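Student: To start, I am sharing the structure in question, which I have written as structure tokens.
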Amino acid sequence: MERIQSSYLKLQGKLVAQKIDIEDDLEKALNKLSTKEDELGDWRRDIEVQEGMIECLRASNIQKPAKIDRLKHKFCGSDKKVRHLSEEVSRGLQEKDSTLVQVEAERQVTQHTKD
């Protein structure tokens, strides 16, 4: 009986340590994800401004093809960055969800072994 209890306590200690590691990793991932979301929001605002600038140039009928081309090029580059950041945010959310599922499963195993 002592051996079982000792094994149980040892496993429980390992589980607690793993849970702490997972929670730390999750917190880091959430912080990184938050930073990426902020960056994504900044890029989206920049794109809106650039789109507005392009529309103003078109509406004014001023012949400035070089500037329009530069803005279009800049817009395309920003759009690619936004898509890339959006993909990173999606991956981060998926990782977070996966980690939460794992933590919940481990919690249930721990609670089940206590019973």
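Every number in this text was worked out from the coordinates using simple rules, so none of it is lab data. All of these numbers come straight from a predicted model, not from anything done at the bench. Here the Cβ is made from the backbone with ideal geometry for all residues, glycine too, and neighbour counts use every protein chain on show.
Student: How many residues does the range 88-115 hold that are surrounded by 12 or more Cβ atoms within 10 Å (Cβ to Cβ) and not polar (S, T, N, Q)?
Tutor: The qualifying residues number 12.
Student: Hey, another quick one. Can Thr113 be described as touching a helix residue (DSSP H, G or I) at 6+ places or on another chain (Cβ under 8 Å), of a type in the set (Val, Ile, Thr) and part of a helix (DSSP H, G or I)?
Tutor: Values: touching a helix residue (DSSP H, G or I) at 6+ places or on another chain (Cβ under 8 Å): yes; of a type in the set (Val, Ile, Thr): yes; part of a helix (DSSP H, G or I): yes.
Criteria met by Thr113.
Student: Let me ask another. For the range 45-87, which positions are exposed (fewer than 15 other Cβ atoms within 10 Å of the Cβ) and β-branched (Val, Ile, Thr)?
Tutor: Those that are exposed (fewer than 15 other Cβ atoms within 10 Å of the Cβ) and β-branched (Val, Ile, Thr): Val49, Ile62.
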